[in-house]
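The values are calculated or read from the model by the stated rules, or taken from the named source; none is laboratory data. Owing to the predicted nature of the structure, the values given are computational and were not obtained by experimental measurement. So basically every Cβ, Gly included, is an ideal-geometry build from the backbone, and we count neighbours across all protein chains shown. The area values use the complete protein model at the heavy-atom level, side chains included, leaving out ligands, DNA and RNA. Shrake-Rupley method; radii C 1.70, N 1.55, O 1.52, S 1.80 Å.
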Amino acid sequence: MRFVFASYVYTPNFHEPDAWLKRINAYAGIQGALSRTNEVVSIEQIDYEGRHFSGGVDYHFKRYPAAALRYYPRKLNQFIKSLQPDVVVIQSLHFPLQVMLLRLVLGKRVKIMVQNHAERPATGLKKQLQRLADNYIDAYVFASYAMGVEWVAVGNLASAAKIHEAMEVSSVFYPVNGEVAKLKTGITGNPVFLWVGRLNANKDPVNVVKAFLKFTHQEPNAKLYMIYHTDELLHTIQALLSSSPQLSRTVVLVGKVPHHELLYWFNSADFIISGSHYEGSGASVCEAMSCGCVPVVTDILSFRMITNNGDCGILYTPGSEEALLEALNKTRQIDLWDKRKRSLEYFKTTLSFEAIARQIEQIAHSL
């Protein structure tokens, strides 16, 4: 079966293939795994023209103008057709008009799958276009089936019949010896909690810090390390820590860390913690699980899926300091090694590149 992956987004600030493929390795690994049993072509749009083979995937780099992609992507759609695909996977539900035009070019034989990448149901005219495009699309892929059902409930999709479940990204990380990892990171504490994400309202780091400071009354050796690449709420968090000087040493504000170094941070921690109110999937939690971290995360649709409904993690109500404190106290009672084992096993069977590729292949064969 020949799969062609494409999107209607142009990213002009990348100029050569290797840097771009490194940037998208959490997605590219899925295509690479899929290429072991299928022919896989991926169309990438950066400031580079050419063909590049990597990880079993045939990459075609194009420079289609952004304006043309937005309104009338004739050249891209014709190029997709020229590749003679059996299945086309379009990234994002943001482009209903473009997908309808693609269907007119491809005809009825080629199957079109559209993968959700955290976008929410549109309103207004785009909502009507998404509903209309539903007639031209064979399957939708969401990180959580329940997230797709939400699109049906608000009227952007006609029914749940075309909705399938598979993660949008996976992890390039893996378990390494924890003591070796700690020599690189300098992490101390027992147990160790890790935060990786933006310091914004949706991620809710303020609630996390408030609950954690209370938790350290019962678990004074616990430590929370916070890695972040945006700092919207940093001053608020710093004010919280300065108001509790005796406890502030239990929360370490690390800041930015190069992505490849997260391998050692994830392998130094016992738990990955999140306060998100919404996630399209949960890339950092997935990466942490690939290293054996146990998730302590909010009870939202994507995290229910990523933790197997809490079987390999602990779920709590978003925005609730009391609920998070209760979840943190549960970490004192669980069998940590059993949860680690479950986390790693679930990652392997459901969240790994190989598992996601298998799921996409099964969806394609079912159409």
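See the values below:
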| item | result |
| --- | --- |
| Centroid-to-centroid separation of region 345-367 and region 95-173 [C-alpha atoms, Å] | 18 Å |
| Nearest-10 value in Å² for the accessible area of residue 10, using the 1.4 Å probe | 60 Å² |
| The chain: most fluctuating residue of 159, 243, 144 per GNM, C-alpha cutoff 10 Å | 243 |
| Fluctuation leader among 12, 245, 191 - the chain, Gaussian network, Cα springs under 10 angstrom | 245 |
| Accessible surface, region 215-291, averaged per residue in Å² (probe 1.4 Å) | 41 Å² |
| Pairwise FRET efficiency - residue 2 versus residue 120, Cβ, R0 = 51 Å, nearest 0.05 | 0.95 |
| Pair-distance profile P(r), taking every C-alpha pair of region 96-254, with 5 angstrom steps and integer % | 2, 7, 13, 13, 11, 10, 9, 10, 9, 8, 6, 2, 1, 0 |
| Relative packing of peptides 77-83, 289-295, 355-361 - highest average C-beta neighbours within 10 Å first | 289-295, 355-361, 77-83 |
| Antiparallel %, DSSP beta bridges [both residues in the chain], to 5 | 10 percent |
| Which listed pairs, of 223/256; 126/210; 81/162; 223/339; 22/182, have C-alpha distances above 28 Å, in listed order | 126/210 |
| Residue 146 versus residue 63: modelled label distance in nm, points set 7 Å from Cα along the beta carbon direction | 4.7 nm |
| Per-bin percent of Cα-Cα distances, region 139-231 [5 Å] | 3, 10, 13, 12, 13, 15, 12, 10, 6, 5, 1 |
| Distance between modelled label sites at residue 82 and residue 235, nm, 7 Å Cα→Cβ extension | 5.4 nm |
| Furthest towards positive pole of dipole, 32, 264, 64, structure part the chain, Cβ charges | 64 |
| Carbon and sulfur %, accessible surface of the chain computed with the full protein complex present, 1.4 Å | 52 percent |
| Dipole moment magnitude, nearest 20 debye, the chain about Cα centre, only Lys, Arg, Asp, Glu C-beta charged | 780 debye |
| For region 256-367, radius of gyration divided by Kirkwood radius, i.e. Rg to Rh on alpha-carbons | 1.00 |
| Value of D in µm² per second that Stokes-Einstein yields for the chain, Kirkwood Rh from Cα pairs, at 20 °C (1.002 mPa s) | 99 µm²/s |
| Probe 1.4 Å, accessible area per residue of region 67-126, Å² | 49 Å² |
| On Cα atoms only, tilt of 321-330 relative to the major axis of the chain in degrees | 80 degrees |
| Kirkwood Rh (inverse of mean 1/r, distinct Cα pairs), region 227-283, angstrom | 13.5 Å |
| Over region 1-156: Kirkwood hydrodynamic radius from C-alpha pairwise inverse distances, Å | 16.1 Å |
| Full-stretch length increase - residue 322, residue 172 - with 0.36 nm per residue and alpha-carbon distance subtracted | 50.6 nm |
